[in-house]
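Report on the structure given below.
Every number here is computed from the coordinates shown, using simple stated rules; none is lab data. This one's a predicted model, so the numbers in the text were calculated from it and none came from an experiment. Positions of Cβ are backbone-derived with ideal geometry, glycine not excepted, and every protein chain shown enters the neighbour counts.
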Amino acid sequence: MQIFRYLQQKQIHLWGPSYLKHALVHQREAARATGTRHLLFAICDHWEPLFAGVTDTQADARVATWQEQYPKAFSRFRDADGNMPQHSFFFPGEHYRARWLDALKEMVKQGCGEVELHLHHDGDTRASLAADVRRYVDSMASHGHFTRVDGAPKFAFIHGNWCLSNARPDGRYCGVDDEVDLLHELGCYTDMTFPAPEDRSHPRTVNQLFWPTGDLKRRRAYEDGERSRVGKSYDDRMLFITGPNGFYLDRGRPKIEFGALMASNPPSDKRVKLWGDLGICVDGRPEWTFVKLHTHGAPEKEAETLLGEKAQKMHETLAKLYNDGTRWKLHYVTARELFNIARAAMDGHCGDPNDYRDYVFAKPPCRTEGG
């Protein structure tokens, strides 16, 4: 009974069919891929210095911890291309402080990762949300963050409280049914909110990179999607890149994997292996495996896990399993690079994905300033 309650809590009845289809068809196809396989590894952090309502002074200390410890902890790890682990800091626009964006800019220049947009909001209209997103994006872009096209910032996105496109039945934590359409209009090219199996916003589709279909102005417009595949892509909507959903044993008990790195659910060798075994890919390009993880790394307890020995052991295991140079090559990527490589796959490119890190969207300005 305890197992059944656990599975019910994780809403397996909603996403189980999609998982089974992936396991029976696409995961097997990926396992049969020939030649060198490539693991694209991205950590997308809901990075909130003010998490849990701390003071600005406490948040300053959190930012300083990351600025000081991240380069020290991970500079010794390198992927097949010579890059250190990349961290995508999805910064909440409503937490904006110029000094924190400048601190992140210095980390970006050191090669630690890039900054994207995170946002918590409630009770909005299309007009009020559009005004806020434009303000937040412009403020963050003034520090050199976000790639640009014809001078306009383009960004990846994670929704706060998981409630993208007014997904909750009670309408909390959003208010805008057509958010998926609006975000693309404002410059968003990919959403990386999911999975979130304990939340009512969780979609039916798992272990996929997919394009939303149907009326993109409707509530929960991400519920219906077209699996990404070689030979087909869109420029009139954003791509959804979901993290791993699966099962593994933890001390003899079954657990559901949903791509979260947490103090209460730290990385392990079993989880690292599962991420690769799931074989999340663009259909028709099974040799490129996409691993998108998420976390809430700013609070002290979580930072201890993400900057400490457990995270370093994770990178040691990644190197051991996925970076022998012949069977596997490991590529640390940012959210932007993950999208670019996915689009390259859809456009029929193959070989080494390192060649496509800047395929559609170039590096943000701050990454080219003395970096």
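In summary, the convex hull built on the alpha carbon positions of region 210-268 has an orientation-averaged projected area of 6.3 nm².
Summing Cβ point charges (Lys, Arg +1; Asp, Glu -1) relative to the Cα centre of the chain gives a dipole of roughly 1140 debye. Does anything in region 219-244 have its amide N under 19 Å from the 7 Å Cα→Cβ label point of residue 150, and if so which residues? Backbone N within reach: 234-238. Shown for 367, 285, 28: other C-beta atoms within 10 Å of each C-beta, ranked fewest to most, produce the order 28, 367, 285.
Which lysines does residue 217 reach when only Cα atoms under 24 Å apart count, and residues fewer than 8 places away in its own chain are ignored? Result set, ordered by chain and number: 154, 232.
FRET efficiency for the pair residue 326 and residue 301, taken as 1/(1 + (r/R0)^6) with r the Cβ-Cβ distance and R0 = 30 Å, rounds to 0.15. About its Cα centre, the dipole of region 68-194 is roughly 580 debye, where the only charges are +1 on Lys and Arg Cβ and -1 on Asp and Glu Cβ. Residues of region 255-286 with an amide N closer than 18 Å to a point placed 7 Å from the Cα of residue 28 along the Cα-to-Cβ direction: 277-281, 283-286. All C-alpha to C-alpha distances of region 1-63, sorted into 10 Å bins beginning at zero, yield P(r) values of 16, 19, 25, 24, 15, 1 percent in whole numbers.
Here the peptides 267-276, 333-342, 293-302 are ranked by packing, the mean other Cβ count within 10 Å, and the order with the highest first is 333-342, 293-302, 267-276. Among the helices of the chain, those built from whole DSSP H runs whose Cα atoms reach 18 Å or more along their own axis and whose mean Kyte-Doolittle hydropathy is at least -1.0 are 126-141. In this Cβ point-charge picture (+1 for Lys and Arg, -1 for Asp and Glu), region 318-371 has a dipole of about 160 debye about its Cα centre. Counting only aspartates and glutamates at least 8 places from residue 329 when in the same chain, those with an alpha carbon closer than 18 Å to its own are 79, 81, 269, 277, 287, 316, 337, 352, 355.
Ordering 139, 174, 359 by the projection of their Cα atoms onto the charge dipole of region 2-368, which places +1 on the Cβ of Lys and Arg and -1 on the Cβ of Asp and Glu, puts 359 at the extreme positive end. DSSP beta bridges fully contained in region 233-304 are about 75 percent antiparallel.
Eigen-decomposition of the gyration tensor built on the alpha-carbon atoms of region 285-350 gives equivalent ellipsoid semi-axes of 27, 17, 7 angstrom, largest listed first. Ordering 88, 249, 26 by the projection of their Cα atoms onto the charge dipole of the chain, which places +1 on the Cβ of Lys and Arg and -1 on the Cβ of Asp and Glu, puts 249 at the extreme positive end.
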